[in-house]
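Reading through the structure tokens given below for one structure.
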Amino acid sequence: MKSQLKHTTYATSQDTEVRAVSDEQQLEFPFESHHQYMARRAKEEEAKVEMVNHPPHYKEGEIECIDYLEDSLGTDGFAFYIEGNVKKYVHRWRHKGGIEDLKKAQWYLTRLIDKIESR
């Protein structure tokens, strides 16, 4: 008995191709499409950015934790707090958080610069 051929569409990064395959050749295509890959990577990058700029665990309640600290520590106390965080993230980046820790240090340093310039 001859197996019947089916036409199966395969998505590639260049275009879509249609091939005739037998039942024995019918395979699940195990790879995500280029579009799926790019969407997944964009979502991963967005999550990384959020972990640096606005981590979800610091946004519980009415205001973000950093804003509460700025309000409660006063100008000088907040500047010392920010400086300490810059030093902490620069110190540990090689051993713990990698590039994300450097971005956090940069975020805190930018916040300190903005605060001092706005005086």
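Being modelled with pLDDT of 90 or more, loosely packed, with under 13 Cβ neighbours inside 10 Å and not β-branched (Val, Ile, Thr) is a property that His91 has.
Taking the stretch 94-119 as the range and being in a helix (DSSP H, G or I), open to solvent by 90 Å² or more (accessible area, probe 1.4 Å) and not hydrophobic (A, V, I, L, M, F, W, C) as the test, the residues that pass are Lys103, Gln106, Glu117. Inclusion of Met51 among residues that are surrounded by 11 or more Cβ atoms within 10 Å (Cβ to Cβ) and in contact (Cβ under 8 Å) with a residue 40 or more places away in the chain is warranted.
Total residues in the stretch 63-108 satisfying the condition of being touching a residue at least 24 places away in the same chain (Cβ under 8 Å) and of a type in the set (A, V, I, L, M, F, W, C): the figure is 6.
Kindly provide the set of residues from the stretch 70-88 that are of a type in the set (Ser, Thr, Tyr) and surrounded by 12 or more Cβ atoms within 10 Å (Cβ to Cβ), ordered by number. Break it down into steps so the answer makes sense when it comes.
First, pick out the residues of the stretch 70-88 that are of a type in the set (Ser, Thr, Tyr): 72, 75, 81.
Tyr81 - this is the single residue of the stretch 70-88 that is of a type in the set (Ser, Thr, Tyr) and surrounded by 12 or more Cβ atoms within 10 Å (Cβ to Cβ).
Among the residues of the stretch 90-119, how many are more than 14 Å from Ile66 (Cβ to Cβ) and not aliphatic (A, V, I, L, M)? The number of residues fulfilling the criteria is 15.
The values are calculated or read from the model by the stated rules, or taken from the named source; none is laboratory data. Everything numeric here is computed off the predicted structure, so don't read it as measured data. For neighbour counting, all protein chains shown are included, and Cβ atoms are generated from backbone atoms with ideal geometry for every residue, glycine included. Side chains are part of the model used for accessible areas, which takes the heavy atoms of the whole protein and leaves out ligands, DNA and RNA. Shrake-Rupley method; radii C 1.70, N 1.55, O 1.52, S 1.80 Å.
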